[in-house]
Amino acid sequence: MEKLVVLTGAGISAESGLKTFRDSDGLWEGYNIEDVATPEAWQRNPALVQEFYNERRKSVLEAKPNTAHFALARLEEKYEVTIITQNIDDLHERAGSTNVIHLHGIITRSQSSINPELTYPINGWQIGMDEVCELGSPLRAHVVWFGEAVPMIETAARICSRAELFILVGTSLAVYPAAGLINYVGPRVPKYIVDPKIPEASVRGPVMKIQEKATIGVPELVDRLLNK
Ligand code: APR
């Protein structure tokens, strides 16, 4: 089976009701990154950071996968698919995709604040300020903050370098190292970009730009790839 790699960002979950970050009504319009998404923010005001991610988790649990998530899951009928997502929601998994790498963590799990490798399932939508890991330190959301290492990036780069087909959906490619992954995909590998606002980053080789929302562009592309 051909190896197909899909890199997704917040845009694929926008029509599930989850806000993107950098669109005009995006999350970073309402919050300062420095206040809620950095290790320094957690040092300064852990309760505020906890509340921010508890709210994100509540929205994720209330959201449902959309036709774009479901269409990507269908690709497994014909391709060896890896989805590399920057999203912290679990909508790809709930749509049935079986091989998903979460570059920036996943909001449905908690993480030790002193050892990022210690992660746990969460009961409900809130992590309490009194909850601790097995080492006794407070639990936080299992997400990668600005300024933190991205542990899965090397695995993701290796997978991109082996891709035979590549699809990019709903990301502005504004945040590194994730945005650099596209450079690991071979120059002759066919690439598809689905986004109502095609990101400006230069992409080498054959690119098909599908300037559509995910719920329109992705199912159409998937039908085409399954009937190829
Ligand atoms: N369908 C497809 N794409 C869409 C849709 C839609 N319905 N609506 C918006 N988009 C596109 C936008 O045009 C934009 O290119 O989704 C992209 C969203 O970009 P960002 O908000 O920057 O989100 P993303 O690229 O995922 O951000 C990367 O930044 O803050 C961090 O850690 C966070 O993982 C996130 C990272």
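Some observations on this one:
- Taking a Cβ cut-off of under 14 Å around residue 178, the surrounding Lys, Arg, Asp and Glu residues balance to a net charge of -1, with basic ones at +1 and acidic ones at -1.
- For region 135-200, the Cβ-based charge dipole about the Cα centre amounts to some 120 debye (Lys, Arg positive; Asp, Glu negative; other atoms uncharged).
- Alpha-carbon spread of the chain, three principal axes, descending order, Å: 54, 32, 31
- Rounded, prolate or oblate (a/c below 1.5 giving rounded, otherwise prolate when a/b exceeds b/c) for region 149-197 by Cα gyration tensor: oblate
- The alpha-carbon positions of region 77-147 define a convex hull whose volume is 106 Å³ per residue.
- Accessible surface of the chain, 1.4 Å probe, proportion on carbon and sulfur as whole %: 50
- Using alpha-carbon coordinates, inclination of helix 46-62 to the longest axis of the chain, degrees: 40
- Farthest toward the positive end of the dipole of region 57-198, out of 196, 98, 61, is the Cα of 196, where the dipole comes from beta carbon charges about the Cα centre.
- Sorting 163-171, 67-75 by their mean Cβ neighbour count within 10 Å, with the most densely packed peptide first, gives 163-171, 67-75.
- Placing dummy labels 7 Å off each Cα toward the beta-carbon, the span from residue 134 to residue 98 is 2.9 nm.
- Fully extended contour minus Cα-Cα distance, from residue 161 to residue 208, at 0.36 nm per residue: 15.0 nm
- Accessible area per residue for the chain is 50 Å², calculated with a 1.4 Å probe on protein heavy atoms, without ligands, DNA or RNA.
- Among 228, 191, 78, the order of accessible area from largest down is 228, 78, 191, computed with a 1.4 Å probe on protein heavy atoms.
- Rounded accessible area of residue 152 (nearest 10 Å², 1.4 Å probe): 70
- Relative contact order for region 73-204, counting Cα pairs under 8 Å that sit 6 or more residues apart, in percent: 18
- Placing a label point 7 Å from the Cα of residue 126 along the Cα-to-Cβ line, the residues of region 7-49 whose backbone N sits under 17 Å from it are 46-49.
- Estimated [θ] at 222 nm from DSSP helical runs (n ≥ 4, -39500 (n - 2.57)) normalised by residues in the chain, nearest 500: -8000 deg cm²/dmol
- Reported to the nearest whole Å, the Cα centre-to-centre distance from region 214-228 to region 18-45 is 33.
The values are calculated or read from the model by the stated rules, or taken from the named source; none is laboratory data. Everything numeric in this text was worked out from a predicted model, so none of it was measured. Here Cβ is always computed from backbone atoms with ideal geometry, including for glycine, and neighbour counts include all displayed protein chains. Just so you know, the surface numbers come from the protein's heavy atoms only, side chains and all, with ligands and any DNA or RNA stripped out. Shrake-Rupley method; radii C 1.70, N 1.55, O 1.52, S 1.80 Å.
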